Amino acid sequence: MFKIMILAAGKGERMKPLTDTCPKPLLRAGRKMLIEYHLEKLAQAGFSSVVINHAYLGDMIEAALQDGKRYGLHIQYSPESIVLETAGGITNALPLLTNPDKHQPFAVINADIFCDMDFSILWPILQQMQSNSEQILAHLILVNNPPHHPEGDFSLHNGSDKLVESTCPDCRKLTFSGIGVYHPALFKNVLPNQAEKLAPLLRQAITAGKVTGSHYLGIWMDIGTPKRLQLLDTKLRQSAL
């Protein structure tokens, strides 16, 4: 059974003062904590095992979510005593995410985004990556560029699923959604308890032609500031009326 990780270790500096006493994944929008929207949709999509990393106010995250049973999930935690960045945090959690021979891929979602994606679309990506072991090291979900990130991140090469960094004729740059599927081999050179960013690893794999992507056109928001959190809260409360 494939596992999925929620990245929840960030300190949420841009969310201050809201995050002075509350970790960002536990901030509320509508009637729920941000991370609860992910957990509920993951259970609906057929995922049963979730790994959550944490550092800043991590005990509050564990106290709030506990073992995940009330969401229909089994939650395991990957605490970090130092800031490990994204790739370092994923590497730290690998024993919980993949099988002993590090062959089984897994999905990762940023805790501080909101989307209406049916996460079951990740299943065939996971299955394909496992069957093509190490031929594809990552698959990134891309979205239209939001106003705060108009330059985008990556392009899909000429309408294919192959990810490229440089722009090409008939393709445009899109924004990485914070949702991806990864093969453990992507992290093979990251040492345990070593801080490592994800972007350099992805760029190396893109250059090697081992990263694919898909363009998601549904609702997606990066909840990185109090203003965006308030906007999401208003939208969710209006939709519930």
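Data table
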{"quantity": "Mean projection area, nm², convex hull over Cα of the range 197-241", "calculated": "4.9"}
{"quantity": "Under-5 Å amide H pairs with I52, H placed in peptide plane, nonlocal only", "calculated": "I6, Q76, Y77, S78"}
{"quantity": "Rounded to 5, the percent of DSSP beta bridges in the chain classed as antiparallel", "calculated": "50"}
{"quantity": "The range 1-108 - Rg (one decimal) and Dmax (whole number), Cα, Å", "calculated": "13.7, 43"}
{"quantity": "Cβ-Cβ FRET estimate between T21 and S239, R0 fixed at 30 Å, reported to 0.05", "calculated": "0.60"}
{"quantity": "Karplus-derived 3J(HN,Hα), 6.51/-1.76/1.60, for each residue of the range 16-21, Hz, glycine and proline x", "calculated": "4, x, 4, 8, 5, 10"}
{"quantity": "Spatial extent of the range 108-191: Rg and Dmax, with the Cα atoms as the point set, Å", "calculated": "13.8, 39"}
{"quantity": "Largest-first principal axis extents, alpha carbons of the range 78-127, Å", "calculated": "33, 30, 13"}
{"quantity": "Å² of accessible area per residue within the chain, as computed with a 1.4 Å probe and no ligands counted", "calculated": "47"}
{"quantity": "In Hz, Karplus ³J(HN,Hα) per residue of the range 111-120 (6.51, -1.76, 1.60; θ = phi - 60°; x = Gly, Pro)", "calculated": "6, 9, 10, 10, 8, 9, 4, 7, 5, 5"}
{"quantity": "Per-residue [θ]222 nm for the chain (sum of -39500 (n - 2.57) over DSSP H runs n ≥ 4, rounded to 500)", "calculated": "-8500 deg cm²/dmol"}
{"quantity": "Cα centre as origin, Lys/Arg/Asp/Glu Cβ charges: the chain dipole, Debye", "calculated": "380"}
{"quantity": "Amide H contacts of F2 (H built 1.01 Å from N, under 5 Å, at least 5 apart or other chain)", "calculated": "none"}
{"quantity": "Residue among P192, I219, F176 farthest towards the positive dipole end of the range 104-231, charges placed on Cβ", "calculated": "P192"}
{"quantity": "Candidate aspartates and glutamates for bridging to K41, where Cα separation is under 13 Å - those fewer than 8 sequence places away on the same chain excluded", "calculated": "D116, D118"}
{"quantity": "The range 90-214 - share of DSSP beta bridges that are antiparallel (%, nearest 5)", "calculated": "80"}
{"quantity": "Phi-based couplings in Hz for the range 175-182 (Karplus 6.51, -1.76, 1.60; Gly and Pro marked x)", "calculated": "9, 5, 7, x, 10, x, 10, 10"}
{"quantity": "Share of carbon and sulfur in the accessible heavy-atom surface of the chain [1.4 Å probe, %]", "calculated": "53"}
{"quantity": "Protection-proxy order for peptides 5-14, 69-78, each taking the mean of Cβ atoms within 10 Å per residue, highest first", "calculated": "5-14, 69-78"}
{"quantity": "Length gained when the stretch M1-Q130 is fully extended (0.36 nm per residue, less Cα-Cα span)", "calculated": "45.3 nm"}
{"quantity": "Alpha-carbon gyration tensor eigenvalues x 5, square-rooted, for the chain, Å", "calculated": "26, 22, 17"}
{"quantity": "Sequence-distant lysines (8 or more away, or on other chains) whose Cα lies within less than 17 Å of K162", "calculated": "K173, K210"}
{"quantity": "Placed amide H near I136: partners under 5 Å, 5+ positions off or other chain", "calculated": "none"}
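The values are calculated or read from the model by the stated rules, or taken from the named source; none is laboratory data. Because the structure is predicted, anything quoted here is derived from the model rather than measured. Don't worry about glycine lacking a Cβ; one is built from the backbone with ideal geometry, like all the others, and counts go over all protein chains shown. For the accessible areas, the whole protein counts, side chains as well, though only heavy atoms, and no ligand, DNA or RNA atoms are used. Shrake-Rupley method; radii C 1.70, N 1.55, O 1.52, S 1.80 Å.
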